[in-house]
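Trainee: I have a structure I would like to understand better, so I am pasting it below and will then ask my questions one at a time.
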Amino acid sequence: MSDFKLAIALLIIIFVFSYIYLRVLDNTTDTFVAEIEKLEKSVKQNKWEEAEKQLNEIQKKWSKTERWMTTLIDHQEIDNIKLTLARLSQYIHGRENTDFMAESASLKLLIHHIYSKERISWQNIF
């Protein structure tokens, strides 16, 4: 009987940590998307210096977030986001509004995809 209780306790611990992980991941992705939208607003208003500062902050936050994400998430997803951030930086330096907006839309999609890929759903199970 004690083996059964141990198995149930471990199962509960796994579910609790999974729930916490998904909440943190959801909050993190929502925060990044909101910051990217602020960045888009600055670019639309041709505030390039402000946009450059905002992008630098996003890149700093991403490098911190990337450390814990790499242990749990596919590295290709992380690499794609890093490449997109590098392209955004060059578009800001070149003041290329249209290319920037297209690439930022891709970045938001990539970030949303991380959460949708990790969350528990019927599509992810079957």
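Quick note: the coordinates plus some simple rules give every number you see, no bench work behind them. As the structure is a computational prediction, the values presented were derived from the model and not from experiment. With ideal geometry, Cβ positions are generated from the backbone for all residues, glycine too; neighbour counts draw on all protein chains shown.
Trainee: Give me a comma-separated list of calculated 3J(HN,Hα) values for segment 17-29, in order, Karplus coefficients 6.51, -1.76, 1.60 applied at θ = phi - 60°, integers in Hz, x for any Gly or Pro.
Mentor: 5, 5, 5, 4, 4, 5, 5, 4, 5, 5, 5, 5, 5
Trainee: Just one of [x] -0.25, -0.31, -0.80; [y] -0.40, -0.46, -0.87; [z] -0.36, -0.44, -0.93 is log10 I(q)/I(0) by the Debye sum over Cα atoms at q = 0.10, 0.11, 0.17 Å⁻¹ calculated from these coordinates, so which is it?
Mentor: [y]
Trainee: Also: Which of rounded, prolate or oblate describes segment 19-64 when judged by the alpha-carbon gyration tensor and an a/c cut-off of 1.5?
Mentor: On the way: a/c = 6.48, a/b = 2.19, b/c = 2.96.
Cα axes put segment 19-64 in the oblate bin.
Trainee: Oh, and also: Can you list the HN-Hα couplings for segment 82-87, worked out from phi with the Karplus curve (6.51, -1.76, 1.60; θ = phi - 60°), rounded to whole Hz and with x for Gly and Pro?
Mentor: Karplus-based 3J(HN,Hα) across segment 82-87 equals 4, 5, 5, 4, 5, 5 Hz.
Trainee: Moving to a separate point now. Packing-wise, with mean Cβ within 10 Å as the measure, how do 98-104, 12-18 rank, highest first? If you can, show how the numbers build up before the last one.
Mentor: Working: 98-104: 16.0, 12-18: 10.6.
Ranked by mean Cβ neighbours within 10 Å, highest first: 98-104, 12-18.
Trainee: Longer than 20 Å from Cα to Cα, which of Lys38/Lys108; Lys5/Lys117; Lys53/Lys82 are they? Say none if no pair is. Could you put the intermediate results ahead of the total?
Mentor: Numbers: Lys38/Lys108 12 Å; Lys5/Lys117 32 Å; Lys53/Lys82 17 Å.
Check vs 20 Å cut-off fails for Lys5/Lys117.
Trainee: Still on this model: What are the ³J(HN,Hα) values, in whole Hz, obtained from phi via the Karplus relation 6.51 cos²θ - 1.76 cosθ + 1.60 with θ = phi - 60°, for each residue of segment 56-62 in sequence order, with x given for Gly and Pro?
Mentor: In residue order, the calculated couplings are 4, 5, 4, 5, 5, 5, 5 Hz.
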